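Since the structure comes first, as structure tokens, the remarks are kept for the end.
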Amino acid sequence: MVDLESEVPPLPPRYRFRDLLLGDQGWQNDDRVQVEFYMNENTFKERLKLFFIKNQRSSLRIRLFNFSLKLLSCLLYIIRVLLENPSQGNEWSHIFWVNRSLPLWGLQVSVALISLFETILLGYLSYKGNIWEQILRIPFILEIINAVPFIISFRFVFQIFWPSLRNLFVPVFLNCWLAKHALENMINDLHRAIQRTQSAMFNQVLILISTLLCLIFTCICGIQHLERIGKKLNLFDSLYFCIVTFSTVGFGDVTPETWSSKLFVVAMICVALVVLPIQFEQLAYLWMERQKSGGNYSRHRAQTEKHVVLCVSSLKIDLLMDFLNEFYAHPRLQDYYVVILCPTEMDVQVRRVLQIPMWSQRVIYLQGSALKDQDLLRAKMDDAEACFILSSRCEVDRTSSDHQTILRAWAVKDFAPNCPLYVQILKPENKFHIKFADHVVCEEEFKYAMLALNCICPATSTLITLLVHTSRGQEGQQSPEQWQKMYGRCSGNEVYHIVLEESTFFAEYEGKSFTYASFHAHKKFGVCLIGVRREDNKNILLNPGPRYIMNSTDICFYINITKEENSAFKNQDQRRKSNVSRSFYHGPSRLPVHSIIASMGTVAIDLQDTSCRSASGPTLSLPTEGSKEVRRPSIAPVLEVADTSSIQTCDLLSDQSEDETTPDEEISSNLEYAKGYPPYSPYIGSSPTFCHLLHEKVPFCCLRLDKSCQHNYYEDAKAYGFKNKLIIVAAETAGNGLYNFIVPLRAYYRPKKELNPIVLLLDNPPDMHFLDAICWFPMVYYMVGSIDNLDDLLRCGVTFAANMVVVDKESTMSAEEDYMADAKTIVNVQTLFRLFSSLSIITELTHPANMRFMQFRAKDCYSLALSKLEKKERERGSNLAFMFRLPFAAGRVFSISMLDTLLYQSFVKDYMISITRLLLGLDTTPGSGFLCSMKITADDLWIRTYARLYQKLCSSTGDVPIGIYRTESQKLTTSESQISISVEEWEDTKDSREQGHHRGNHRNSTSSDQSDHPLLRRKSMQWARRLSRKGPKHSGKTAEKITQQRLNLYRRSERQELAELVKNRMKHLGLSTVGYDEMNDHQSTLSYILINPSPDTRIELNDVVYLIRPDPLAYLPNSEPSRRNSICNVTGQDSREETQL
């Protein structure tokens, strides 16, 4: 083995301490060579080139010095002309010789020497092998003409060969063109030096102005000099002549006399006719390009004004108007400017709108990309108050659209880290890429959660849409319909916030319970307190319940027509309100909780299926003991501080619906379902929600509804024997957003007995990741099919479904004509509407303007009246002109673009996204309530008014009502298309047709919808008309019999033929036709929402009340740790939808 120490080289003989510190490297590597780089830049020429040309700052100084020399030479020429005495005579020698003083001549010679030296030096440094290219340049020729004569005169004068040579005329005024050339170079160097590019329009305007000034100055000096042998014009007369001539006025009072001056004027005019049009053409081209690109937003404006930036990939007129109307609806945003940054050229409609004075002074359009720092600098993104980044939902590939949005958000964050970001994303799986944004709205999350709540709380989509739109509640006030006035006035309610100690509404309720403050604020001021937030906590709590005590620093969130700061308080009105509200109390001011429980009935809360609620369902019933008495039942007062012991004894997690089941059913149900958090989420960033789950996940084969497997033999929905009606979702693909449709319907506070089976009707088979996520939820199935196919609809159980949700397909969102993107969805839904009239269909559309085609009836007078009302509201400037369309008011149609205002409102109300997510169940905060509903039955009408209902709910269960969903019958006369008339009445005049219309009102018409597709009636009428014209004459009885046959043929409704078609298909598929209700028709009713109605509003039968219910788990001691345990730890504990007090 080799000794390692022998390999170490010996130390040098003279090894000193200095060598130890500095190192003696010479003895180690004696053959190393040091290499120096960029030696070519060390030459004298390269150093001069670096100083005069390459270096931006030094080159800028040289250009500025050169420009100053040229201006100085022109100034010296003007001084020479002014100091010269005009000589007498018309000799040509006056053209070549002038009177120049010796000091002036010395200055001009010095300037000429410096200029010539600089020109030769720059020509040498920029020499690239072609000497003639340097010599024949116009700036070099002009420099030789202006400088060489002075240098020659300098030599001859000092050698005393020709002293008078210093008076030789030199056209020094031509240095103005060299000054113009130096100015152009100086601007280029200035841009390079400060790393900032000025607009091409500014450069071109500067060049045009300098060219025009050079032409005028050259003409002035040339005419003045040539007229030395003529009229002896001075500089002012020459200036006057040039201005008059170039402006094409031509007074003629000053004219050149000599032929040389006339020839010079002709030459200058020719030059002007050639040079100026070229400059103007370039300027016009740049102006048109600037109109397309939008120019710049100046730094001075950005520092003195407030502006926001809107980044979009393509700007449509609907998106622009929605943003502008919602953004400028807030009074404090009137002074803000909107800078639009879009990579595409402005289209004609957007250009026309932005030319309106209302918007032209506020909106600035810039064509550019958010990925370029130069364009972000043009928009002054670093000085912006906020940046809104919107996705293009009309793209075929929505994932690609999200990727573009993510890159824009990253680019803006990199360029302006302090600029608040408001980002709209389409797919939930892409949301975690932009978690750094201040506010994010995921379209598919909100869309599916809203559609899911529509199935259990009717018209939730309309409720949320009205809450997030800015309105004054003036819509519909000109209408003669009472429901439109109430609906329009209540639509003006929005969510506002205020600190409790600064509030007139809530300051007096400090130290009292939340429900007490909510009820009394509504009774006294008509405002609805829905939530609070502690000063030291970022989480908003919706209806934290009666155990929550109000603090002075709490931030209160309430629903009202306007915010408190814009309200005026009148004592007289307050007394009147308080006097009226005192009649709501019919008992002592304070009662023990057990007395309240004894005087209360059973409180009905959650509405799972409003159309199919049984008579024995939960209701706000009368007290049992006093139900037979004549006296009015009393409602207990809302306590200031809740009785803690009594609340704890009320088990809010027990499921009241389970008490009505048999023990065997209860045991089986407890063993089947559990409660916990879903073990698998299909995407990153989903909020965990406490749900009903299965103990073991279902095999993937059992999730297929229409295919039997080794575990079950069912092939259609009917065979499963579901106790509750189905909820069917028709979608193109099983995207990750569809997961948010299932979670709210399986939330822990939904009673197990009222869980509706969910069937996903998908065009494309789902992937395994999605099946992994849904296999833990009870009664969730999927089926591959389409709503275009009647057999698929029948197999998935459409005949006994409670709700059918039709989701807009991604493949149809883009079309050559924008508004045609919804064509296929609208026609398919119309077909469903004809085939299954009793089915509640909830449809998503791309464009809100297409709502008018839902359940379309061409000759329906009432629909035509609503169309006229919509046009009038739009003319009045309403942002919610479509709100009176019956499908939207009833919550049967929804467009995700209506939720764009949620992102816009968050700029002023940063809490709106959080509150909306809590209402929709997308987020769950411990202690925060949830949105549910209850239905008013005949046993609940004793409550009479909304104020008494508010008191009843707050005093018994702690629920806070926020609105009413009301259904009424149409009081207008039946439309002309829904009346059966005979052949003779069809051919009569208008007057007789009106008489037949009134007669038809008293008939029992079973074909109310047959005229919506008038083809069948038209054919039958033509057939009957041919019989009447071609047939022989009959007697009276025979003619009457034929007429009756015609009427029976006509009265064979389209609905009956469609019903026969459906039944035949069901028989062909082996499905039972029992339960198919082909004649059920709800088209004679209208539904609408009253958000936060006035306290004296009368409640009516079948009203659905929207409630915010306290979190049931908040009443359990140590509830939060138990929620985070395993699923089995909370098995068998169900939330309570019906609390019996």
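The values are calculated or read from the model by the stated rules, or taken from the named source; none is laboratory data. These numbers were taken from a predicted model, which means no experiment stands behind them. For neighbour counting, all protein chains shown are included, and Cβ atoms are generated from backbone atoms with ideal geometry for every residue, glycine included. Keep in mind that these areas ignore ligands, DNA and RNA; they rest on the heavy atoms of the full protein, side chains included. Shrake-Rupley method; radii C 1.70, N 1.55, O 1.52, S 1.80 Å.
So here's what we get for this one:
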item	result
Sparsely packed chymotrypsin sites (Phe, Trp or Tyr not before Pro) within segment 393-492, loop by DSSP, other Cβ within 10 Å at most 12	PHE436
Tail weight of P(r) past 22 Å, computed on alpha-carbon pairs of segment 291-406, percent	30 percent
For segment 415-566, the Rg and Dmax computed from alpha carbons only, in angstrom	18.4, 55
Candidate residues LYS824, LYS180, LYS435, LYS447: accessible-area rank, largest first, probe 1.4 Å	LYS435, LYS824, LYS180, LYS447
Most positive-pole-ward Cα, MET883, MET898, THR945, against dipole of segment 872-946 from beta carbon charges	MET883
Amide proton proximity set for GLY929, modelled H, under 5 Å, gap of 5+	LEU542, ASN543, ASP1111
Of LYS753/LYS1063; LYS413/LYS538; LYS180/LYS380; LYS180/LYS306, those spanning more than 27 Å from alpha-carbon to alpha-carbon	LYS753/LYS1063; LYS180/LYS380; LYS180/LYS306
Where trypsin sites (Lys or Arg not before Pro) fall in DSSP loop in segment 720-760, at most 13 other Cβ within 10 Å	LYS723
Cα→Cβ-extended label distance, 7 Å offset, between LYS262 and ASP536, nm	9.9 nm
Å² per residue, accessible surface of segment 742-845 at 1.4 Å	28 Å²
Trypsin sites (Lys or Arg not before Pro) within segment 509-550, DSSP loop, no more than 10 other Cβ atoms inside 10 Å	LYS538
Prolate/oblate/rounded label for segment 345-425 (Cα gyration tensor, a/c 1.5)	oblate
Exceeding the 29 Å Cα-Cα cut-off - candidates LYS909/LYS952; LYS524/LYS752; LYS725/LYS952; LYS485/LYS824; LYS447/LYS675; LYS316/LYS868	LYS909/LYS952; LYS524/LYS752; LYS725/LYS952; LYS485/LYS824
Prolate/oblate/rounded label for segment 693-820 (Cα gyration tensor, a/c 1.5)	prolate
